[in-house]
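*Asks:* Below are the structure tokens for one structure; questions will follow.
The values are calculated or read from the model by the stated rules, or taken from the named source; none is laboratory data. Treat the numbers as computed from the prediction; the structure is a model and nothing was measured. Here Cβ is always computed from backbone atoms with ideal geometry, including for glycine, and neighbour counts include all displayed protein chains.
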Amino acid sequence: MAAEELKTGPLEYRTQEGQMGIMGFWIFLGAEVVLFATLFATYAVLYGRTADAPVPGELFEPGIVLIMTFLLLTSSFTCGLAIHEMRRGSVKGLTIWMSITLALGLGFLGFEIYEFVHYAHLGATMQSSAFWSAFFTLAGTHGLHVTLGIGWAILLLIQIRKRGLTNVTSRKFFIISLYWHFLDVIWIFIFTSVYLIGMVL
Amino acid sequence: MHITDILVTGEPIIYGAMVSMVLVGIALLFLLTYFKKWGWLWREWLTTVDHKKIGVMYILSALLMLFRGGVDAMMMRVQLAFPDLGFLNSQHYNEIFTTHGTIMIIFMAMPFLIGLMNIIVPLQIGARDFAFPYLNALSFWSFFFGMALFNISFVIGGAPDAGWTSYTPLSGAAMSPGPGQNFYLMGLQLSGIGTLATGINLMVTILKMRAPGMKLFHMPIFTWSTLVTSFIIVFAFPILTVALALLTLDRIFGSQFFTLTGEGMPMMWANLFWMWGHPEVYIVILPAFGIFSEVIATFAKKRLFGYNVMVWSMIVIALLSFLVWVHHFFTMGAGAFVNSIFSISTMLIAVPTGVKIFNWLATLYKSKIEFTVPMMWSLAFIPSFILGGVTGVMLGMAAADYQFHNSYFLIAHFHYVLIAGTVFACFAGLTFWYPKMFGHKMNERIGKWAFWLFFFGFHVCFFPQYFLGLDGMPRRLFITNVAEWLPLNVISTVGAFGMGLGFMVFVYNVYYSFRYSERETTGDSWNGNGRTLEWATTTPVPYYNFATVPYVDEIDPYLRMKEEGKTTYEESELKPIHMPSYTAQPILFMALLGLASFGLVFEWMYVAIFGLIGGVIMMIVRSFDYDDGYYVPVDEIKRTEKKARGL
Amino acid sequence: MKAKHLRNRWLGLLPLSLIIFLSGCGQLEMTILDPKGPVSQMQYDLIVYAFWFMIGIIVVVFALFAYMLIKYRENRPGRKDKDYDPNLHGNTMIEIVWTVIPFIIVALLSIPTVTTNYALEKPPEPEAGEEVKEPLVIHATTADWKWFFSYPEQDIETVNYLHIPTDRPIEFRLTSADSMSALWIPALGGQKYNMAGMRTKLYLQADEEGIYDGRNSNFNGEGFAAQTFKVHAEGEDEFNAWVEEVSSEAPELTRERYNELLKPGLTDKETFSSTHLEYLQHHTNEDMGYVVEQYRDLFKEKLHLYEIEKQETWK
């Protein structure tokens, strides 16, 4: 609750509220790691229990997954650039790079939705077997996080237009950048342990 | 579903409960209107972000749940002592033991302790509120609506009946159709969000908002136990969130995680549940250890023995708590190797726990023990908990567990640790900090009556159950249908009523003390024996807690402050204090999510979607909310402090 | 003041009440403490071994506790100044001692635990001088809320009762047709789960002839209390005669009859001269969902099983 404001250092770290918010979010990400770890473990346990539904090797396509990976990795990079611009004090740079990040995120989501619908047409849905339940839940939870992140970032873009760079807005952007990088890391794990292994085995 | 279909019909006991709920509800509405208290209720309580008020609301809810869970327990005991009476049928009994277990763990023990943490932890570390006061209010309301949702199940839709562990496939859609099990899933999910948020909130509060100079190893032991507990919450609760979500998907959206069809794996539920569930046990016991440590040091008038060891043993217990979950199902046939590993890890927990017991005993060595009510609860904990602890070690031996598992031996064991540990601690902590919360102590004489009734009731109730277990009586059995088991069950029921009586005397004491107890004039309520910063504030505690925050560089800082004549009101150091504004957002937000959960319970998707959209709107509102509180001017601080200190 | 004295006296009585209880319960002859076979004997030995350690711990802690309370209560007559040392807060030596001792106790408990864990996964060894007998295989399958015991070698099946020969290991192969349950015959040994889609193995053996109680010990819904059975342990000749009789007189278990029996609900004892194993393998992925798919609607009905009270176990 301290009202003192530091005069140096990144804007988002200058108040105690800013520091606490960022720390709280790091801890929240720790909880998110456990959440995804549990989903990964569930997926691993149910691996191969496809019942009458198709096996993953028949459905997973390298092309589309590579595009999704490329989109999300690039968006993580542009998100980093957005924060770099923020640290330089450029609202314009921040807005531009953040918008590009969101566009890439939307692209990722579009492909993911296409992918899910495609699988459903081929007979693999949430209901068809334990394996596919686990697959859709794991990938879907990640997709849901991306969706929430996009909605959240849009709100922040509106706020920065109205308020400019302050302790509070910069903290909010810094936190969403943490969130976005985190989603990227999770995706790398999904890409390797779900798609690559699913295609090989 | 028509509205008349969702009310539970055909059970006279449930009709009685409905009628009494309606009557109590009407009485409350009438009283609030008659005394024109609606505005007060809304402004002072429902929209509050003050950690002390939120804590009080937690504790009140927890006491209410202790009553509900206790009534469930009494009904079970009556049924088991008088099986010929036909008091409960199998289905009704199954619902009651399910709600009893769930309520006592999730809606009684945890909120009670979280309530005490809410009130005491900021005071102990010299903070003016939580790190995130808004989030704290949100946590409380998520718990509150989760609790409300779970509790209405027995009148609307039917209560869950698959045990508090809710093992699949029994709890899946195929074998437990209808809303009952959904109430369990949604009630726990909603309140679980709040618990996770509280864990994060407490961690940041403790790590970032300590008084100047206070290092981690200067913190009071209850704050330490809270910090360790918060770590467990943050790393265990996401597992429960996932487990509940998966089972919800199974039941409502037809996925196949835990089903017998589609190659699902029902045994995975037991694993996920206990990967959360065992750490959960320590979430409710570590804060209890913290409370006992505070109380024993205070009334032994002596520094806690082996402070560092106490802290490290809690950390070790917390780590081990994640490595023992398999001992809840040794009998699943994982093989001798797995069982052996988990046997040893389970028994290892006895080492740090044993060290703690010896430390408490050593704290009593060369002390001056004063037998106040909180001290009596704390002292009674030691021998009682030992009986639960040693039988826990016996249960941890996998080969022997084949005989103990699912029997009354197990029931006796976990009631011994949870009641002698957690419940005794709740009573000890509440009586101990009661003057801080309400400005007067609880009556000691009546408090002792409550203690002795509860203490003897407890032992008479649960000690015989060890022997029922050794005689092969399984848990969750709705009828005592072997004649040899009857006598011990009757004894046990007598004890249960002793505990019930003790609880009633306790509640009466709340009323009696409110009417007749002397009002506190100093902040250091227990004859000036307070050792930590919460006693340095005035009573009642001003809403900003500390006018000036003292510099702390040792354990038990208030002792030195008293010696040196320092207070938390150093007029020369006064500065305006920044405080958060009250807000109605948390209660509205969580009411909407509660509505969404209610919709999901009955699979009324429109209601669910409406509630969820409402929740999203509340998040947007919050995002655009730039109200960053207000400043308490120095003049007002002076006025408040002078009045409270009688200057 | 009065309450304090009362307290000390009562606390002294706690261990005493324990002893009274133990002697009182000795007359009750608690099943687990009266083993009737080598498996329950092993578990009994382990329990008793651990029990002595636990009594030791309890005695030490209770004694220390009583000493502290009596000696250091604030207004004990004759308290001296040296009885109070508010700053005493640690003693490395004694702390090491009371950390090491629990470690030693855990180690001493771990060794027999681990060896017994392994011993339980094998058929019990015959006593010295006796010949090694091949275990008798019995498939124990549960369905809500009844027991099927299939003897593949003898090609017979019983419902809700069990015959076993004495002095010969029994290898139970446990599985379930629907909810999770557990086979528990406390007099002969501990339990293991029956799970659909899984098969667990449990070795038991009876040394004494007699009729023992067996039950499902894992809660599985409304009929849980009624899911019990009697175990008839008899000499080998008697057992063979019983098998003979069943194979020649009992009807075959037809698929229709078995389907009928699988419906959720209670049934009486039945005997058949063939097993269900030829129709359904509930422990396989293919058949684990069979009952749920067949009888999905029946699981919705609440049975309100008042007749459970009239079971035979009630004396």
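*Asks:* Can you name every residue in the range B:622-647 that is surrounded by 13 or more Cβ atoms within 10 Å (Cβ to Cβ) and part of a helix (DSSP H, G or I)?
*Replies:* B:R622, B:S623, B:V634, B:E636, B:I637, B:K638, B:T640, B:E641, B:A644, B:R645
*Asks:* Kindly indicate the residue of the range B:272-303 that is farther than 30 Å from A:A41 by Cβ and surrounded by fewer than 24 Cβ atoms within 10 Å (Cβ to Cβ) and also farthest from the other protein chains (Cβ to nearest Cβ) among those meeting that condition. Break it down stepwise before answering.
*Replies:* Filtering the range B:272-303 for residues farther than 30 Å from A:A41 by Cβ gives B:288-303.
After this cut, where a residue has to be surrounded by fewer than 24 Cβ atoms within 10 Å (Cβ to Cβ) as well, the list is B:301, B:303.
On the way: B:K301: 6, B:R303: 4 Å.
Among residues in the range B:272-303 that are farther than 30 Å from A:A41 by Cβ and surrounded by fewer than 24 Cβ atoms within 10 Å (Cβ to Cβ), the one farthest from the other protein chains (Cβ to nearest Cβ) is B:K301.
*Asks:* Then there's this: Being assigned to a loop (DSSP other than H, G, I, E, B), at the interface with another protein chain (Cβ under 7 Å from one of its Cβ atoms) and surrounded by fewer than 17 Cβ atoms within 10 Å (Cβ to Cβ) is the filter here; which residues of the range C:50-89 pass it?
*Replies:* Those that are assigned to a loop (DSSP other than H, G, I, E, B), at the interface with another protein chain (Cβ under 7 Å from one of its Cβ atoms) and surrounded by fewer than 17 Cβ atoms within 10 Å (Cβ to Cβ): C:E74, C:Y84, C:D85, C:P86, C:N87, C:L88.
*Asks:* Scan B:T195, B:T226 and give me the residue that is assigned to a helix (DSSP H, G or I) and either in contact with a Cys (Cβ under 6 Å, 6 or more places away or on another chain) or over 30 Å from B:F305 (Cβ atoms) (or both).
*Replies:* It is B:T195.
*Asks:* Could you check how many residues of the range B:242-267 are in contact (Cβ under 8 Å) with a residue 40 or more places away in the chain and assigned to a helix (DSSP H, G or I)?
*Replies:* 8
*Asks:* Please go through the range B:463-498 and pick out each residue that is among the small types (G, A, S) and more than 18 Å from C:Q191 (Cβ to Cβ).
*Replies:* B:A483, B:S492, B:G495, B:A496, B:G498
*Asks:* Take B:S343 and decide whether it is part of a loop (DSSP other than H, G, I, E, B), facing another protein chain (nearest Cβ under 7 Å) and buried (at least 23 other Cβ atoms within 10 Å of the Cβ). Steps first, answer last, please.
*Replies:* Details: part of a loop (DSSP other than H, G, I, E, B): no; facing another protein chain (nearest Cβ under 7 Å): yes; buried (at least 23 other Cβ atoms within 10 Å of the Cβ): yes.
Spelling it out, it is not the case that B:S343 is part of a loop (DSSP other than H, G, I, E, B), facing another protein chain (nearest Cβ under 7 Å) and buried (at least 23 other Cβ atoms within 10 Å of the Cβ).
*Asks:* Among the residues of the range C:211-262, write down those that are acidic (D, E) and either under 19 Å from B:D471 (Cα atoms) or within 14 Å of another protein chain (Cβ to nearest Cβ) (or both). Can you show your working first?
*Replies:* Within the range C:211-262, the subset acidic (D, E) is C:213, C:222, C:234, C:236-238, C:244-245, C:249, C:252, C:256, C:260.
The answer is C:D213, C:E222.
*Asks:* Looking only at the range B:318-336, which residues are in a helix (DSSP H, G or I) and within 13 Å of chain C (Cβ to nearest Cβ)?
*Replies:* B:L320, B:V326, B:H327, B:H328, B:F329, B:F330, B:T331, B:M332, B:A336
*Asks:* Among the residues of the range B:96-118, is any outside any helix (DSSP H, G or I) and buried (at least 22 other Cβ atoms within 10 Å of the Cβ)?
*Replies:* So the first thing to find is which residues in the range B:96-118 are outside any helix (DSSP H, G or I), and the list is none.
No: zero hits.
*Asks:* Now for a separate question. Consider C:P112 carefully, then state whether it is under 27 Å from the mean Cα position of the chain (by Cα), part of a loop (DSSP other than H, G, I, E, B) and in contact (Cβ under 8 Å) with a residue 24 or more places away in the chain.
*Replies:* When the stated conditions are applied, C:P112 does not pass them.
*Asks:* Can B:A420 be described as crowded, with 21+ Cβ neighbours inside 10 Å, within 14 Å of chain C (Cβ to nearest Cβ) and within 17 Å of the chain's Cα centre (by Cα)?
*Replies:* For B:A420, the condition - crowded, with 21+ Cβ neighbours inside 10 Å, within 14 Å of chain C (Cβ to nearest Cβ) and within 17 Å of the chain's Cα centre (by Cα) - is met.
*Asks:* Next question, about the same structure. Which of the numbered conditions does B:G528 fail, given that it passes all the others? Conditions: (1) in contact with a Pro (Cβ under 6 Å, 6 or more places away or on another chain); (2) under 20 Å from B:T298 (Cβ atoms).
*Replies:* (1)
*Asks:* Shifting gears a bit: Answer yes or no: is there a residue in the range B:599-622 that is in contact (Cβ under 8 Å) with a residue 40 or more places away in the chain and of a type in the set (V, I, T).
*Replies:* Among the residues of the range B:599-622, at least one is in contact (Cβ under 8 Å) with a residue 40 or more places away in the chain and of a type in the set (V, I, T), which makes the answer yes.
*Asks:* Shifting gears a bit: Output the number of residues of the range C:220-237 satisfying the condition of being outside any strand (DSSP E or B) and touching a Leu at 6+ places or on another chain (Cβ under 8 Å).
*Replies:* 7
*Asks:* Is it fair to say C:D213 is among the charged types (D, E, K, R), assigned to a strand (DSSP E or B) and surrounded by fewer than 18 Cβ atoms within 10 Å (Cβ to Cβ)? Steps first, answer last, please.
*Replies:* Numbers: among the charged types (D, E, K, R): yes; assigned to a strand (DSSP E or B): yes; surrounded by fewer than 18 Cβ atoms within 10 Å (Cβ to Cβ): yes.
Against the criterion (among the charged types (D, E, K, R), assigned to a strand (DSSP E or B) and surrounded by fewer than 18 Cβ atoms within 10 Å (Cβ to Cβ)), C:D213 qualifies.
*Asks:* Which residues, taken from the range A:119-146, are within 11 Å of chain B (Cβ to nearest Cβ), β-branched (V, I, T) and not in a loop (DSSP other than H, G, I, E, B)?
*Replies:* A:T137, A:T141
*Asks:* If you scan the range C:108-120, which residues turn out to be within 9 Å of another protein chain (Cβ to nearest Cβ) and of a type in the set (A, V, I, L, M)?
*Replies:* C:L109, C:V114, C:A119, C:L120
*Asks:* Please go through the range A:22-61 and pick out each residue that is modelled with pLDDT under 95 and outside any loop (DSSP other than H, G, I, E, B).
*Replies:* Across the range A:22-61, the qualifying residues are A:P56, A:G57, A:E58, A:L59.
*Asks:* Which residues, counting only those in the range B:423-451, are surrounded by fewer than 24 Cβ atoms within 10 Å (Cβ to Cβ) and of a type in the set (S, T, N, Q)?
*Replies:* B:N443
*Asks:* Quick check: anything in the range B:163-170 among the small types (G, A, S), at negative phi and either part of a helix (DSSP H, G or I) or in contact (Cβ under 8 Å) with a residue 40 or more places away in the chain (or both)?
*Replies:* No: zero hits.
*Asks:* Could you please find all residues in the range B:348-397 being β-branched (V, I, T), more than 21 Å from the chain's Cα centre (by Cα), closer than 20 Å to B:Y307 by Cβ and more than 7 Å from every other protein chain (Cβ to nearest Cβ)?
*Replies:* Selection gives B:T363 alone.
*Asks:* Of the numbered conditions (1) touching a residue at least 12 places away in the same chain (Cβ under 8 Å); (2) aliphatic (A, V, I, L, M); (3) assigned to a helix (DSSP H, G or I), B:A131 fails exactly one; give the number of that condition.
*Replies:* B:A131 satisfies every listed condition except (3).
*Asks:* Scanning the range C:180-210 for residues that are touching a helix residue (DSSP H, G or I) at 6+ places or on another chain (Cβ under 9 Å), within 11 Å of chain B (Cβ to nearest Cβ) and of a type in the set (S, T, N, Q), which turns out surrounded by the most Cβ atoms within 10 Å (Cβ to Cβ)?
*Replies:* So the residue we want is C:S181.
Residues are listed down the side, and each one gets a yes or a no for (1) within 30 Å of B:M619 (Cβ to Cβ); (2) surrounded by 18 or more Cβ atoms within 10 Å (Cβ to Cβ):
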| position | (1), (2) |
| --- | --- |
| B:V549 | no, yes |
| B:V552 | no, yes |
| B:E573 | no, no |
| B:T583 | yes, yes |
